[in-house]
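Structure first, then comments.
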Amino acid sequence: MLRAPLATARMAGGRSGARPLLGAAMAALRLAFLLLLLLLLAQPRGPLPRAGAVAPAAPPQPPTAARRPAPVTDVAKLCVCDLLVAQCDVNCCCDPDCSAADFSLFTTCSVPIVTGDSHLCSQKAAIYSLDVEANPPERIFKLIDQINPNVFCIHATNYKQALSFISPEVPTSENFDQLLKQFGSATFSTEFDSWSINTDSQNPSDANETYRYEYGVPIQTADAFLRLPSPVVSSWCSDANPAGFLVNQATKCSRLISVEKCSTIQAVSMLFYINSSILAVPKSSQMVNITVQSIVVQSLNGIRTLLNSNEVLRLPTILDELCINIVLGVSYHVTYTEAGEITEAAASFVLGAITKEALSIQQSFEISFTQVNTKPVPLSGNPGYVVGLPVRAGFRPPGSGIIQTTNKYGQFTILQSTSNQDCLAAAGARTPVLFGYNMISGCKFRITAAMECQLLTQTLLDLLKGQNFPEYVASFGNSQAQDVLDWVPITHLHTSEQSSCQIPVSLEIEVKWTKYGSLVNPQARIVNVTATATTATLNQPPLGRERTIPVTSSVVFTDVSSPAEPGYKARPTIDVKLPFDFFFPFV
């Protein structure tokens, strides 16, 4: 546009007097062009509306928050580092059990940010931090909207079920007209605003879901959970330890106490351990009351007396500079069904007294579980044997498991010595074989000339072995009766001389055991049991006279553990596979 007038001016301006006017005109033309360009750049983009023209419709607004998928999880209540029940976790800033005093001991937040569903473009995020400059230091909590930079994130949805899959509704005679009205046309609307979602129908399985206790789950009560006090860091009792379902526990801990305030300390009162009812199943309204099974009163010198009546609730009372009826021990016994439902709960108490000089007491707590219509099986360790507990033994009928007697002190026994050393007087008196305890016992048997050899042999054999000498011994302290391979058969040996009449005079039992498992916590395991009966020749005394022979029985425990050998992990092997033309063109 500018070159054509310039060329025309040059052709018409043959004389030199017209050139100054031509230069001024060109400068004015350039200035006008620049001004027009600046005006165009200053105007908003898009065509200018013409006079009398109708303004176009406003552009569509971005999707509102109601059109976005609703988050399933509330991040403000989500805490992935909260591992302990009703107890503050170290450096867990989102733990609701932590107080301001706990925050002052934190060094940092182990989980500084907690986010929701990662599929959404806009998601809630809970940010936790510590204000160390405050006195005392405190936790800072912020709930923000975090933007997901992923290009495949979900920004809006037009599907009713969103991220879940629900089986389509099958047409029936009752809902056919409704489905035809909704989906009968060529197109149908799925607008979010027209949805009427019933929260009760989103998870139809919740209505039919039945709750039950599982192994290790804390036993719930009306207010929280069943407490089993135990030492945590030091020897002092912590009431925040929950009792786990089917987890047999026995704890001991110390508790500060003073005679002047003993009646106001809840942890030494019987009411503290039975005032809350247990839920039969989790999240239910069915309650099981804790009944008092027995009450034992312990005097200052340690003598215990069982009370005849358990209905009287004995509370701590100050009497003559003594505090009586304080709880020294609690034993819970819970009865449950095969379906994981608690039916009964009982508590046995040991009450005692303290003087003004006592500053603390030691309390013991225990809990055990028994299934309905079953008898508890006595154990001698879990899993390995514990020194001082009886060795478990039993019989095995053909095609059956191990059969044991419920009296754990009567399963495996030896002859018990008496003060007069008379075997006939000691007949039937037995003492249990305790693991790790070497024992020897004996008595004296008087023989007359009128005794027959066969009858005397059977009498002495019954005296040494007892009426029910077992056939198998449990290899572990918690071996189950149905696991026959976990039981060790007793090997019987005989040492005798070649003579006409041999009578048994001693029974020696050797129990070989080994340390099983890790060096950090080895478990005692029985690997072999041998019962050796020694016989001697019977020399009949003269008529009218008696002869006395000694009869002995012994148990020896032998450790046959092999020396520990260090184990090392195998060196990693490098499996390198090169392509066939890796060295091309050299090879």
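So the values come out like this:
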read-out: Of residues in region 109-130 being part of a loop (DSSP other than H, G, I, E, B) and at pLDDT below 85, the one farthest from residue 243 (Cα to Cα); value: 121
read-out: Test: residue in region 382-405 that is under 26 Å from residue 466 (Cβ atoms), open to solvent by 60 Å² or more (accessible area, probe 1.4 Å) and under 31 Å from the mean Cα position of the chain (by Cα); value: yes
read-out: Among residues of region 75-90, those that are open to solvent by less than 40 Å² (accessible area, probe 1.4 Å) and within 20 Å of residue 146 (Cα to Cα), counted; value: 2
read-out: Every residue from region 309-335 that is open to solvent by 40 Å² or more (accessible area, probe 1.4 Å) and either among the charged types (D, E, K, R) or under 28 Å from residue 369 (Cβ atoms) (or both); value: 309, 310, 311, 312, 313, 314, 320, 321, 331, 333
read-out: Every residue from region 327-366 that is under 18 Å from residue 294 (Cβ atoms) and acidic (Asp, Glu); value: 344, 366
read-out: Residue within region 139-147 that is in a strand (DSSP E or B), modelled with pLDDT of 80 or more, in contact with a helix residue (DSSP H, G or I) (Cβ under 6 Å, 6 or more places away or on another chain) and surrounded by 13 or more Cβ atoms within 10 Å (Cβ to Cβ) present; value: yes
read-out: Single residue of region 444-471 satisfying the filter (outside any helix (DSSP H, G or I) and under 49 Å from the mean Cα position of the chain (by Cα)) that is surrounded by the fewest Cβ atoms within 10 Å (Cβ to Cβ); value: 467
read-out: Region 410-456: number of residues that are among the aromatic types (Phe, Trp, Tyr) and modelled with pLDDT under 85; value: 0
read-out: Top-ranked residue of region 429-443 - restricted to ones that are open to solvent by 20 Å² or more (accessible area, probe 1.4 Å) and touching a residue at least 24 places away in the same chain (Cβ under 8 Å), ranked as nearest to residue 466 (Cα to Cα); value: 430
read-out: Filter pass, residue 211 being at pLDDT 55 or above, open to solvent by 90 Å² or more (accessible area, probe 1.4 Å) and either closer than 30 Å to residue 247 by Cα or touching a strand residue (DSSP E or B) at 6+ places or on another chain (Cβ under 7 Å) (or both); value: yes
read-out: Output for region 477-497, where each listed residue is part of a loop (DSSP other than H, G, I, E, B), of a type outside the set (Asp, Glu) and surrounded by 11 or more Cβ atoms within 10 Å (Cβ to Cβ); value: 477, 478, 479, 480, 481, 496
read-out: Output for region 489-533, where each listed residue is polar (S, T, N, Q) and free of Cβ contacts under 8 Å to residues at least 12 places away in the same chain; value: 498, 518, 521
read-out: Those residues of region 91-105 which are among the polar types (S, T, N, Q) and open to solvent by 40 Å² or more (accessible area, probe 1.4 Å), in sequence order; value: 99, 104
read-out: Residue that is nearest to residue 448 (Cα to Cα) [pool: residues in region 534-570 that are without any contact (Cβ under 8 Å) to a residue 12 or more places away in the chain and loosely packed, with under 10 Cβ neighbours inside 10 Å]; value: 563
read-out: Checklist (1) open to solvent by less than 40 Å² (accessible area, probe 1.4 Å); (2) of a type in the set (A, V, I, L, M, F, W, C); (3) within 21 Å of residue 215 (Cβ to Cβ) applied to residue 268, failing item; value: (3)
read-out: Those strands (runs of 3 or more DSSP E) lying entirely in region 344-443 with at least 2 residues farther than 22 Å from residue 529 by Cα and not acidic (Asp, Glu); value: 360-371
read-out: Some residue of region 271-281 being open to solvent by 60 Å² or more (accessible area, probe 1.4 Å) and more than 24 Å from residue 97 (Cβ to Cβ); value: yes
read-out: Which numbered condition residue 370 misses (of (1) open to solvent by 20 Å² or more (accessible area, probe 1.4 Å); (2) within 24 Å of residue 225 (Cβ to Cβ)); value: (1)
read-out: Residue satisfying condition, being under 30 Å from residue 397 (Cα atoms) and either assigned to a loop (DSSP other than H, G, I, E, B) or over 41 Å from the mean Cα position of the chain (by Cα) (or both), within set 548, 534, 514, 558; value: 534
read-out: Residue check, residue 500 open to solvent by 30 Å² or more (accessible area, probe 1.4 Å) and out of contact with any Phe, Trp or Tyr (no Cβ under 6 Å at 6 or more places or on another chain); value: yes
read-out: Matching option when the condition is among the polar types (S, T, N, Q) and either at pLDDT 60 or above or closer than 30 Å to residue 332 by Cα (or both), among 201, 205, 167; value: 167
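The values are calculated or read from the model by the stated rules, or taken from the named source; none is laboratory data. Remember, it's a predicted structure, so these values are computed and weren't measured experimentally. A quick note on method: Cβ atoms are made from the backbone with ideal geometry, for glycine too, and the neighbour counts reach across all protein chains shown. All accessible areas refer to the heavy atoms of the entire protein, side chains included, with ligands and DNA or RNA removed. Shrake-Rupley method; radii C 1.70, N 1.55, O 1.52, S 1.80 Å.
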